[in-house]
Each structure stands twice: as C-alpha cells, then as structure tokens.
Amino acid sequence: MNIKWAEQGDGEPLLLIQGLGYARWSWDPVVPGLAERYRVLFFDNRGIGESDKPDGPYTAQQMAGDALQVLDEAGVDRAHVLGASLGGMVAQEVAVASPQRVRKLVLCCTTPGGEETIPMPEVTVQLFAEAATLAPEVALRRFVENALGSDPPAGLVDELYRRRIENPPDQAGWLAQAAAGMTFAGVDGRIAAPTLILTGTDDNVVDHRNADVLARRIPGARIERFPGAGHLFFWEQPDAFVRIVTEFLK
C-alpha cells in the first residue's frame, strides 16, 4: 500500500490523521505552528490525494494500519497521535491496537462509535438529502459553510472552497472512507494513553456532545471546547489550536 506522507519540523514525533475527504493539505493552518516544537508527520489517507485508492469499503482498523505504516516508514517507534473526525476514529484504533506506540492522544471533532454516539445534527442530514438536487459547485460551497461556525473569519469560506475545488476527492475513495466512519462501532479495548478531546461548540457535522461521551470512556481524558467554532475549528482558530495542543503534549 502506497501511503503518501510528508513531514515538517524537529522534536518529538506528532502524527496527524485527517478526516473524510480531506488530504494532507488540510492541515496547512496548523502544521507550521506545531512544527516549531514537533516533528510533524501528516499523510493522505487511503482513498484520497496521492495515496493508493483500493476498492472499498474501508474500515477504521484498516486505516489505522496505514497510520502505523507511516510511523514505520518514518522510522518512528513512538509518537503523539492526533486525529480529526474520521481520523479521530482511526486514532482511537491506533491507540488500542498499538498502545506502546502512542505517547499522548488528541481526538478532535470525533465520535466514540457505537450506541452511545450522538447522531449527526439534523442540519447536516438535511444538507446531504438536499445536495443531490443542487449544482455541484453550490452543494460544495454549502458543505464548506456547514463545516464552519456561524461567524467564521473573513474570507475563510472562499479559501476553503477554493482549496476543495483545487483538490477534488476521488468519488469511489470518498465513499470507501465514508463506509469506515459509518461502520465504526467503537474500539474493542481500553485507551490508556493520556487523552485530550477537542470540539467546536457549533459543530454541525459531529455533535459536540460526543466529546463528553468520549471522555467518559477514556480514563483521565479532558475536554477543551472552541467557542463558536464548527467542525473545522483548526481552520477557524489555528493559533488557539496550536497553543492548546502544544500545552497538552509538552
């Protein structure tokens, strides 16, 4: 399996795992700040970008294997692991499958899986239903707007929309990744790594209350909330994100 990865910075390794339909470019707002202290490793999940796109459906466990492959290829025995959305599910699988390789764990805008998961907010369910009736460029812009809070920084919708147009996901790969999220039933085991859970209070994609469910499942986990921010809070508040993550990891 060819998994395309990149790195920036020196220090303790920090592996970033992105979510559904986003390649490694989507860490751009936070990689420079994190790289001031860490050796940041970031990659294209299977099914997107320059990584292989095998037939799906995928599972979070398979994708966790890809993340561990990146660590192997980078010569890293042990790293901090940070995952967003679907990447947060993958990060949980990494922490359970290979606990000896995870120093600290950061879970962003993600769910615990299983029956306790609080469902996707209705606004996004309705948007998915409506998207098929919209022109593709209109639907894409709506999804970008929906992934942010109610008052995002000036120009951010335009910037993200442009980046999405320039980096269109492979449709089959997107569906295969989506299957991994839809079938994630929670990890089969205990997460022992010190864990930080991050969420935007205005997340329309993953209900922010899932952070509390996750925290109850992981001993000692703590939650930090980004007021007024949406699903992509690391684009909306990158400086705060870098500060909070750095303080936790150090």
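Key figures for this structure:
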quantity: Qualifying residues in the stretch 119-140 (those that are more than 23 Å from residue 213 (Cα to Cα) and under 20 Å from the mean Cα position of the chain (by Cα)) - the one surrounded by the fewest Cβ atoms within 10 Å (Cβ to Cβ); calculated: 128
quantity: Options 156, 160: the member that is touching a helix residue (DSSP H, G or I) at 6+ places or on another chain (Cβ under 6 Å) and closer than 21 Å to residue 206 by Cα; calculated: 160
quantity: Any hit, the stretch 105-122, residues being assigned to a helix (DSSP H, G or I) and of a type outside the set (A, V, I, L, M); calculated: yes
quantity: Only one of 118, 197, 191, 165 that is touching a Cys at 6+ places or on another chain (Cβ under 9 Å) and either farther than 30 Å from residue 77 by Cβ or of a type in the set (A, V, I, L, M) (or both); calculated: 197
quantity: Residue in the stretch 60-70 that is part of a helix (DSSP H, G or I) and of a type in the set (D, E, K, R) present; calculated: yes
quantity: Residues that are part of a loop (DSSP other than H, G, I, E, B) and touching a strand residue (DSSP E or B) at 6+ places or on another chain (Cβ under 7 Å), drawn from the stretch 35-50; calculated: 35
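Every number here is computed from the coordinates shown, using simple stated rules; none is lab data. None of the values given here were measured: they were computed from a predicted structure. Here the Cβ is made from the backbone with ideal geometry for all residues, glycine too, and neighbour counts use every protein chain on show.
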